[in-house]
Amino acid sequence: MERKVSIVVPCRNEKHYIAACIRSIRAADPAGCRVTVLVCDGMSDDGTRAIVEGIAKEDPSVRLIDNPQRTTPQALNIGLRHMPFDVGIILGAHAEIDPGFIRENLKVLDADPSVGCAGGLIENVFDGPVSRRIGAAMGHPFGVGGAHFRTGARDGYVDTVAFGAYRRQVFNRVGWFDEELVRNQDDEFNYRVVQGGFKIFLSRAIRSKYYVRASYGRLFRQYVQYGYWKVYVNCKHRTITTLRQVVPALFVLYLCLAPVLAAMMPVLRWPLLAVLLVYMAAAMVSAFKARTQHGDMLGVMRAFVSMHVAYGWGYLKGIFRFMLLGAMPSRASGSLTR
């Protein structure tokens, strides 16, 4: 029986990227499967819908589906529930997949029945010097820790991937994407995948490109949301899903408390200053290694600091709101910043 693969692409106002994304899927090796592309559009008003509709008229395997709620998790669930599938793949509208992307995902899933999700590496493509520097920071372990899908360190079992390919049985066992989560919905889902008894495998043979459109301000706001929503996920599961997530919050606490402690206890001034100097030295060395062009090092360092401080600040805001006040997410936190 022919296997069915659904590729779901959440989308809103992506007229500059969506056609190339769909073309890359259509050009990929289907590996003997029936591949359907489900573009779940958040009611775009920039011409995106006309582009997708035009492609769909030429190729019935491409479908445009409305997502009136305009959130990513709702788009993912609408697309995955739209039709039966054996393997469901989630993708971004800014992404383009390599020709072997589908084939290599299926190869991983076929090799080990215990693997519920397969994923690979993301190559950042830049539209300017700022996004190039931010992308370099997001592709280095100093910036993102153990996010192997960005750093490309190794093949093997991981706790999360981007653009995952999931067996249908995964959704039968652990449910769908949490529609309350504006951010971190894929990380939270992958946490449930592992808790549900499946493994997640990263293969460097699975490759995609992602077009980075970024500014330092947008990066900061985005990472504040990542930290903020991570605490909400922790509260829902009543556990810290990964230990590395608390490190930026501790760093921000240090930045806030160090001057006070140094003023109150002069003997601590040099040890507290040493911590900052070690961080800056590590950021400098990492930025030097991560840079792709001469002159980028300071920009990469700025991105490192922005990511760490923003995530930590968002995490502390989340602790205050969700754990101390016992409140729900604020309305303002529901707006995306990509």
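Charge tally around A136: other residues with Cβ under 9 Å, Lys/Arg +1 each, Asp/Glu -1 each, net +2. When the square roots of the Cα gyration tensor eigenvalues are ordered a ≥ b ≥ c, the ratio a/c for segment 188-297 is 1.5 or more and a/b does not exceed b/c, which makes its shape oblate. Computed from the alpha carbon atoms alone, the convex hull of segment 1-102 holds 84 Å³ per residue. Spin-label pair Q169-R244: with each label point 7 Å from Cα along the Cα-Cβ axis, the two points sit 2.9 nm from one another.
Fully extending the segment from M1 to H16 would add 1.7 nm, taking 0.36 nm per residue of separation and subtracting the current Cα-Cα distance.
Alpha-carbon geometry of segment 232-334: the Rg and the Dmax are 16.8, 48 Å, given in that order. Helices assigned as whole DSSP H runs in the chain whose Cα atoms extend at least 20 Å along their own long axis and whose mean Kyte-Doolittle hydropathy is 0.0 or higher are found at 247-264, 269-290, 297-318. Normalised Debye scattering of segment 4-214 at q = 0.12, 0.13, 0.16, 0.17 Å⁻¹ gives log10 I(q)/I(0) of -0.58, -0.69, -1.09, -1.25, counting only Cα atoms as equal scatterers and leaving out solvent.
Among W270, Y223, L253, which residue has its Cα furthest toward the positive end of the charge dipole of segment 198-338, with +1 on Lys/Arg Cβ and -1 on Asp/Glu Cβ? Of the candidates, Y223 comes out farthest on the positive side. Volume per residue of the convex hull around the Cα atoms, evaluated for segment 252-300, comes out as 74 Å³.
Estimated purely from DSSP H runs of n ≥ 4, each contributing -39500 (n - 2.57), the mean residue ellipticity at 222 nm for the chain is -15000 deg cm²/dmol once divided by its residues. Computed extension gain for Y254 through R81, at 0.36 nm per residue and net of the alpha carbon distance, reaches 57.7 nm.
With the simple model of a label 7 Å out from the Cα in the direction of the Cβ, R218 to L277 spans 3.9 nm.
Every number here is computed from the coordinates shown, using simple stated rules; none is lab data. If you're wondering where the values come from, they're calculated on a predicted model, not measured in any experiment. Every residue, glycine among them, receives a Cβ derived from its backbone with ideal geometry; neighbour counts consider all protein chains shown.
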